[in-house]
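Have a look at the structure below, then the notes.
Bear in mind that the values in this text are calculations on the coordinates, not laboratory data. None of the values given here were measured: they were computed from a predicted structure. For neighbour counting, all protein chains shown are included, and Cβ atoms are generated from backbone atoms with ideal geometry for every residue, glycine included.
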Amino acid sequence: MRSSGGLTGSTFELMIQFGRLFTLSSAFLLLTLYATRTYSRNLDWRDEESLYRSALHLNPPKGRGLLYQDRRNFTPAVKCYENAVKYRKTFATAYLNLGDVHQQRGKDDLAATTWDACSRIDGSMVKAQRDHRQAQTSCRLRLGRLLYRKKNYSEARKILEEAVHAAPSSYQFLASLWFSLGEVYDAQGQDHKAEEAFRTALQTAPEHVPSMLTLGYLKNKQNQTLESNRWFSQALAVSSDSVEVYHHIGTAAALRHNITLKGDVIEAEAAYTAALNLSATHMETLRALGTLLREQGKYDKCEEVLETLQSHHPSAESFGDYGAILHLNGKLKKAKEFYEKSLTLNPNSSIVRENLGKLLRKMSSTGIESKQGVTRR
């Protein structure tokens with residue numbers, strides 16, 4: 001007969017073996033779970049769409065809205081953001097995105113209404129204060145810029161001043177906010193306030209090129225050429241390969257009060273040429289250089305520039321301008337062709353219609369036959 005002590009020892013050994021087996025099994029199971037989870041997260045991060053989808057459970061309407069917006073599928077995006085706002089009425093990011101979609105669809109009034117509603121949210125009880133204030137500031141910035149473009153300067157100023165006072169110091173686009181306010185002050189003729197705002201933008205972001213360029217224009221307008229050139233030079237030092245910087249340097253030179261001085265015309269042409277060396281089809285630079293060359297009587301060079309403009313940026317305006325320079329250069333049949341192309345796109349252009357009338361009279365008086373006239377209104 002075995003003693004109770006022997007039985008206890010055997011049982012103890014079995015318990016130890018079972019414990020080891022349980023520990024190993026648990027560790028293996030835990031390792032498998034973590035490996036599966038890691039693999040799942042790797043799949044989530046493989047592309048932007050997968051990452052969005054992985055976060056849908058956090059806020060389904062907003063997440064789906066981002067997916068639709070990214071695909072430019074705006075109608076369902078609007079519904080998703082509207083549901084997100086309904087789901088959480090203080091959700092500033094959803095208001096921000098909803099306004100963006102409205103603007104992308106060309107519905108500026110709806111965008112303005114949405115961003116204005118966002119700016120009025122009482123976020124005192126919102127848990128994620130930092131995210132809320134960032135999004136609310138962006139709504140005010142977008143609304144202010146929209147009002148500025150609509151030339152509603154008083155309302156734009158009110159919104160943007162409210163934005164700069166309420167913006168968190170960590171706001172990512174603080175320089176753009178001050179810059180936008182400076183543009184409004186400039187439009188209202190308040191040069192001193194405008195300059196202060198632009199300088200504040202540069203204190204926030206020392207390499208904010210738009211502020212440098214606008215200060216250059218401001219000093220140019222005040223006939224402070226040396227100071228103007230200093231700001232343009234700073235912009236060029238920061239962004240030496242920027243088409244926009246060279247374009248604005250050229251425009252400032254062309255706009256100077258002492259434009260009759262040959263040096264300014266040469267400087268403007270050189271800056272525009274430098275811009276086109278970086279981007280040969282830059283629309284605004286082609287148009288500006290064409291105008292400058294025409295004003296200087298350099299019609300052959302102007303024709304080359306405007307030919308490039310209409311070829312790469314076909315529009316009623318570019319066709320009409322090209323027709324006009326062809327007209328000046330005596331290429332009447334081709335000029336007629338481009339005047340008519342311009343009027344096909346914009347039949348209400350009185351300037352092009354008047355130019356075409358003059359052209360037809362000249363062709364008639366010189367014996368050049370016109371295959372087809374123009375419909376009179």
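With the crude spin-label approximation of a point 7 Å out along Cα→Cβ, what separation in nm comes out for LYS150 versus HIS165?
2.2 nm
Kindly write out, for the stretch 190-206 in residue order, the coupling ³J(HN,Hα) from the Karplus curve 6.51 cos²θ - 1.76 cosθ + 1.60 (θ = phi - 60°), rounded to whole Hz, with x marking Gly and Pro.
9, 4, 5, 5, 4, 4, 4, 5, 5, 5, 5, 4, 6, 5, 6, 9, x
For LYS79, give me every one of the aspartates and glutamates with a C-alpha distance below 16 angstrom, ignoring sequence neighbours fewer than eight places off in its own chain.
Of all the aspartates and glutamates, those that pass the test against LYS79 - Cα under 16 Å, at least 8 places apart if same chain - are ASP70, ASP100.
Please work out the C-alpha center-to-center distance from the stretch 109-175 to the stretch 219-254 and express it in whole Å.
The distance from the Cα centre of the stretch 109-175 to that of the stretch 219-254 comes to 30 Å.
If each residue of separation counts as 0.36 nm, what is the full-extension length gain between GLN203 and SER315 once their alpha-carbon separation is subtracted? Each step should come with its number before you reach the end.
Numbers: separation 112, 0.36 × 112 = 40.32 nm, distance 4.11 nm.
Length gained, GLN203 through SER315: 36.2 nm.
Sum up the charges of everything whose Cβ sits under 14 Å from the Cβ of GLN234, counting Lys and Arg as +1 and Asp and Glu as -1, but leave GLN234 out. Can you show the working numbers first?
Values: positive: ARG199, LYS219, ARG230; negative: GLU207, GLU227.
Around GLN234, the charge tally is +1.
If we count other beta carbons within 10 Å of each Cβ, what is the order of VAL78, VAL352, fewest first?
Working: VAL78 21, VAL352 26.
In increasing order of surrounding Cβ atoms, one gets VAL78, VAL352.
Starting from the Cα-Cα distance between ALA237 and ASN83, subtract it from 0.36 nm times their residue separation and give me the gain in nm to one decimal.
On the way: separation 154, 0.36 × 154 = 55.44 nm, distance 4.75 nm.
Additional length available on full extension: 50.7 nm.
What is the distance, in nm, between label points placed 7 Å from the Cα along the Cα-to-Cβ direction at LYS107 and at ASN223?
In this crude label model, LYS107 to ASN223 measures out at 5.1 nm.
Once you have the Cα-Cα distance between SER365 and ALA280, take 0.36 nm times their residue separation minus that, and quote the gain in nm to one decimal. Intermediate values should be presented prior to the final figure.
Details: separation 85, 0.36 × 85 = 30.60 nm, distance 3.92 nm.
Residue separation times 0.36 nm, minus the Cα-Cα distance, leaves 26.7 nm.
Determine, for LYS219, LYS334, the number of other Cβ atoms within 10 Å of each Cβ, and report the residues in order from fewest to most.
Sorted ascending by nearby Cβ count, the order is LYS334, LYS219.
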